[in-house]
1. Any aspartates and glutamates with Cα under 17 Å of the Lys12 Cα? List them, leaving off those in the same chain fewer than 8 positions away.
2. Distance from the Cα centre of segment 18-43 to that of segment 577-649, in angstrom?
3. Which of the aspartates and glutamates could a cross-linker bridge to Lys745, judged by Cα under 12 Å and excluding same-chain residues fewer than eight apart?
4. Could you tell me which trypsin sites (Lys or Arg not before Pro) in segment 188-295 are loop residues by DSSP with no more than 15 other beta carbons within 10 angstrom of their beta carbon?
5. By per-residue mean of other Cβ atoms within 10 Å, what is the highest-first order of 750-759, 584-593?
6. In nm, give the distance between the simple-model label positions of Ala576 and Thr687, each being 7 Å from the Cα along the Cα-to-Cβ direction.
7. Students sometimes get this wrong: rank Met438, Met235 by accessible area, probe 1.4 Å, all chains present, largest first.
8. At a 1.4 Å probe radius, which order do Asp222, Asp57 fall into by accessible area, largest first?
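The values are calculated or read from the model by the stated rules, or taken from the named source; none is laboratory data. All of these numbers come straight from a predicted model, not from anything done at the bench. Please note: Cβ atoms are built from the backbone with ideal geometry, for glycine as well, and neighbour counts cover all protein chains shown. When the accessible area is computed, the model is the full protein with side chains, heavy atoms only, and any ligands, DNA or RNA have been set aside. Shrake-Rupley method; radii C 1.70, N 1.55, O 1.52, S 1.80 Å.
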Amino acid sequence: MKTDTPQTVYLKDYTPPAYLIDHVELDFDIRADGTTVTSTLAMRRNPVATPATLVLDGEELHTLSVAVDGKPATYTETPTSLSLNDLPAAFTLQTVVRIQPDHNTRLSGLYRSTDGYFTQCEAQGFRRITWFIDRPDVMSRYTVTLHADQATYPVLLANGNPVAAGAEADGRHWATWEDPFKKPAYLFAVVAGKLDVLRDSFRTASGREVQLAIYVEPDKLDQCPHAMDALKKSMKWDEERFGLECDLDHYMIVAVGDFNMGAMENKGLNIFNTKYVLARSDVATDVDFENIDRVVAHEYFHNWTGNRVTCRDWFQLSLKEGLTVFRDQEFGADLHNRQTARIREVRGLRAAQFPEDAGPMAHPIRPASFVEINNFYTATVYEKGAEVIRMIQTLIGRDGFRAGMDEYFRRHDGQAVTCEDFVAAMAAASGFDFAQFMRWYNQPGTPHVAASGSFDAAAGRYTLRFTQSNPRASDAAPYLIPVRVALFDGEGHLLAGSEQTLQLTATEQEFHIDNLAAEPVPSLLRDFSAPVYLDFAYTPEQLTLLLAHESDPFNAWEAGQRLASTLILDAARAIAAGQSPQWPDSFAAAARRLLQTQAQRGAAFVAEALTLPGEGTLAEMMEVVDPDALHAARNALRRHLAEELEGEFSGLYAALAISEAYAPTAAQAGRRALRNVCLGYLMELDTDAARRLALQQFEKADNMTDQFAALASLANVNAELCPQREQALAAFYATWQDEALVVDKWLAVQSTSRRPDTLATVKALTAHPAFDAGNPNKIYALIRNFGANLVRFNAADGSGYAFMADRILDLHDRNPQVASRLARCFDRWKKFDDTRQDHARAALQRIRNHPDLSRDVLEVVTRSLGEAA
Ligand code: TRP
Ligand code: ZN
């Protein structure tokens, strides 16, 4: 489809809608040759808006008729709009359109998947179903009727409550659903399919009985109980932590294998990527189980933060997403392991959001403009957005935050609001002044905070000096940055009374701490109290002390990451200069102490502490990225640890074996994680013994966590011939070829491999029956993971870039949303050397020059080329 000239939309241009739609009646006549949608809208002029032409949104609709108050109407139609004039103050608008869900490859609107028809309407998919004012501040009540063939599509679902159903001629049937809550169109959903269902129920605190149902493709019911459990736990948690009850009689989750994103919070009818529903211990890893908990919770939590109170416009996306991610993070921390949850959140933020905020797509958590809103479902809006909410809680305390949430719902239930409205409720409930804090919503870039300490022995006074800057936006005004600190003495004891939260508000600022006997070791930004880069000239001895003694697990971990980062970056410089890296004995000694104290500190924590910072995160710290030297340096440090600690790793590997039956509990998951970290290090030794150990684990494992960890370590083996590697990869595919989500793992493990022939492997896999160029999960597993493989994607000869450009051009028209996500793999191209930059620029220009490039990809590529869209 040819796209219009892309238009930029600006937040500052917001005006209320000229018309409102109070009630929507939809009739879907689903047939093999297309679906007919009859829409009957009860409309009226918006009293607060200036009278104007009624302009309805539409996309790929074939209009059959348009009537106002029952009479054929005069209208003007373009490919994306339908305009009517001379309308009364209140009227009924009826349109009839034909759509082609079987040919809808974008997976936006109504589309076909293996087991039936599904919808995805956020952000602007509803206009692909019928003519509508498709914006979130138009909220309506919906009554929906579906008609389809009974045998092929026995399950007919829509938002709300089932009110009537019956059979009709030619073996067809129908069902009518009514949603008692008004909602924006992006929360609309229908499903017509052949699906199995797992049912359960939940009694809310006030005694309401909610019917729960999870619908999945046939024969997958045994992979649903974990998601059902997660749903019930989420419902309970939201009652306890936030006093929020489920408002529905029916809460349904439908899993579908073709889905652009993770899941969607449609009112009472969530639609999920199968990846976040299906789990059984032999096919899903501990991380999969935990992700399911969090995504199920996320979509459920949206029922209040997103659905009951929604966004005025799409610039406010973080209003619902940042807040809901914060809520699912807190749920995950309570359910699993708070220490390592925080560590993983920050690891993820640094891997994805920090680079985004330093690259061509940098934007504030509330963007000021966009071309295609789908490009702004980003790590910034979601994960940095959650950090901003967390800072609010840090500033006003848990109780203040809870009071602010209560106030937010008291003021805005049933409304479409802005980020200011949320922060104003927090301010009203706590009395805290958030005026300066609002800059977090409006300025892009990761702030840098440089700290230094000085000690006046005579006065017993320690002075901490902070300077904040924003390299991304030199004109940025200073942020309000909460910095949690504590001081330690030279033996690693926390100084009583030294824990506090400092509030940075100026570009330069000093704080004094008095009555100290000796110069302390400061621990700054505990629990990662703000999403910033924090520089402090720590000595290795100070970091070693904090790693061993800091009681805040995040900052203990952080001390280890700082030690490792410095060593790896120094080693990368040495390797680039043709020298061999040097490792101080102290690092392996610190790692040994960690291993020895794993029982006290927790296996899960030690596993995180022994995982070196990722290449992408380290690359951000280099002036010019040398991916080969960085890769070699990081692996060399891993090998050094393996050589120094072989005995400890083998001993712990044996000691951590689990004899009881598998359960995805925090305790078991922590043990498995550390045991697999040990295996990973042993594999660095490149010995046949280690490979046999890995193959043995692969073959004997009774769960996917251990089986996959073994496979992943074997997949990295670089030897010409590694029989164990080939054997494991072949066996894995043979065993799991009918489990789509496990096949995704098989693809991912090959595209993320360190091996130099990875691109050739990935290319070959695009022709393998396991790959499906129309399925987002397969594309993410094979292609996007390759784009995140720093050393292979950024090959000096440009082969990785050329391959990615080919895949983007192959996909941009069929599925612009997914193609655009692939285009983001180029974000950091300007951080590399001139030769690589030339190759990347050529690849980007080749994409940009393609005729009729989708708006989604065009926006990303023009921004990447610096031709600001
Ligand atoms: N609102 C969804 C969530 O965060 C995100 C989502 C699901 C989405 N599918 C989408 C966003 C398609 C854009 C397009 O839970
Ligand atoms: Zn969300």
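1. Hits, sequence-local ones excluded: Asp137, Asp313, Glu372, Glu420, Asp421.
2. First find each Cα centre; the distance between them is then 59 Å.
3. Answer for Lys745, where 12 Å is the Cα cut-off: Asp288, listed by chain and number.
4. Lys194, Arg208
5. 750-759, 584-593
6. 3.5
7. Solvent-accessible surface, decreasing: Met438, Met235.
8. Putting Asp222, Asp57 in descending order of accessible area: Asp222, Asp57.
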